Amino acid sequence: MTASNERILVRGAGDLATGVISRLHHAGLEVGATELEHPLTVRRTVAFSTAMYEGSIEVERVTARRVDGEESWSTALERREIPIVGCAGVPSWLEGSAIVVDARLGKRNIDTSADDGQFVIALGPGFVAGEDCHAVIETQRGHRLGRIIARGSAQPDTDTPGIVQGRGRERVIRAPGDGHVDWVSEIGAHVATGALLGSIGADQIRAPFDGVVRGLIHRSCRVRSGMKIGDIDPRPDTSACDEISDKALAIGGAVLTAMMGFLAERQADEMSDVRPVLTGTP
């Protein structure tokens, strides 16, 4: 099998997409990603999308680097880095990639088609396996997390994060208004109930309970009222701020499994087409 020679494109490089990219990278595969010029990622310390702002980022000993074209993309891969290019669509030099993963978590199909690659995988709700992609990966926590769906869709979006020490919906910090966030706190900080985290204009943003700031949207992003802009973890351990989550790794493992299954089937089909060469006289 020549999986290491396949062109693999992941659309999106947020924290869940980073789990996917990391799994593929550690399996010895060459993989890169596209991102928005101003990613809306909240868990920025564990997301390769942060390279769009800082030029590069290291997550669990893997470096992602912002690139601007095919040459720099290839150079990053040669260095065993993850190239990240700012592009809402698919760059011309990546069209027809063997494997395409839509990891943008838009909760809807933005523009993905089963024709985007030989094998197209999509994460979460909004996709129908067998119609607009070849496989869907379940992203909702629970016993179905990481399931590979060959026909049908993932579970509908609940818009509610997983429960951690009794905290669920209140873990998410949402914008009190439109504009740019001026943070006074930072990711990894311990905060007390009511502590000032930042503001949008005259609207203050305060911690809903004691915990650790696990994520904050980049201050250059213009946000809308009600939009997710932060994440508070009630657990005092700050290691989660620097480590890819269990959920992201589970999803990444599912993508790797689905991808290797496709490559194995393709190889079997190719082998079945080979005809033996007969020698000697009839």
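Quick note: the coordinates plus some simple rules give every number you see, no bench work behind them. Quantities reported herein were computed from a predicted structural model and do not represent experimental measurements. Cβ atoms come from the backbone with ideal geometry, glycine included; neighbour counts cover every protein chain shown.
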For this session: Could you please report the charge total around Val136, scoring K, R as +1 and D, E as -1 over all other residues with beta-carbon less than 11 angstrom from its beta-carbon?
Result: -2
Exercise. Name the trypsin sites (Lys or Arg not before Pro) in segment 148-215 that are in a loop by DSSP and that have at most 14 other C-beta atoms within 10 Å, would you?
Worked result: Arg151
For this session: Compute the Rg to Rh ratio over the chain from the alpha carbon atoms, using the Kirkwood formula for Rh, and round to two decimal places.
Result: 1.04
For this session: Determine the dipole magnitude for the chain: charges of +1 sit on the beta-carbon of Lys and Arg, -1 on that of Asp and Glu, nothing else is charged, the reference point is the Cα centre, and the result goes in debye to the nearest 20.
Result: 840 debye
Exercise. FRET efficiency for His190 and Glu78, Cβ-Cβ distance as r, R0 = 41 Å, nearest 0.05?
Worked result: 0.50
For this session: Could you check which residue among Asp210, Asp116, Asp231 shows the biggest mean-square fluctuation in a GNM of the chain with a 10 Å Cα cutoff?
Result: Asp210
Exercise. Using +1 on the beta carbon of Lys and Arg, -1 on that of Asp and Glu, and nothing else charged, what's the dipole of segment 169-234 about the Cα centre, debye to 20?
Worked result: 240 debye
Problem set entry | Neighbour-limited loop hits for GluC sites (Glu not before Pro), segment 1-85 (at most 14 other Cβ within 10 Å; DSSP other than H, G, I, E, B) | Glu37, Glu60
For this session: Give a quick list of GluC sites (Glu not before Pro) in segment 114-188 that DSSP marks as loop, anything other than H, G, I, E or B, with at most 15 other Cβ atoms within 10 Å.
Result: Glu131, Glu186
Problem set entry | Under 5 Å, built H, 5+ apart or other chain: amide partners of Arg43 | Asp15
For this session: Grab the beta carbon distance between Lys228 and Arg61, set R0 = 41 Å, and tell me the FRET efficiency rounded to 0.05.
Result: 0.90
For this session: Can you quote the Å³ per residue value for the convex hull of the Cα atoms in segment 169-234, rounded to an integer?
Result: 65 Å³
Problem set entry | Long-range HN-HN contacts of Val101 with modeled amide H, under 5 Å | Leu9, Val10, Arg11, Ile121
For this session: State which helices in the chain qualify, where a helix is a whole DSSP H run, it must extend 20 Å or more along its own axis by its Cα atoms, and its mean Kyte-Doolittle hydropathy must be at least 0.5.
Result: none
Problem set entry | Dipole of the chain [Lys/Arg +1, Asp/Glu -1 at C-beta], most positive-end residue of Ser199, Leu249, Ser97 | Ser199
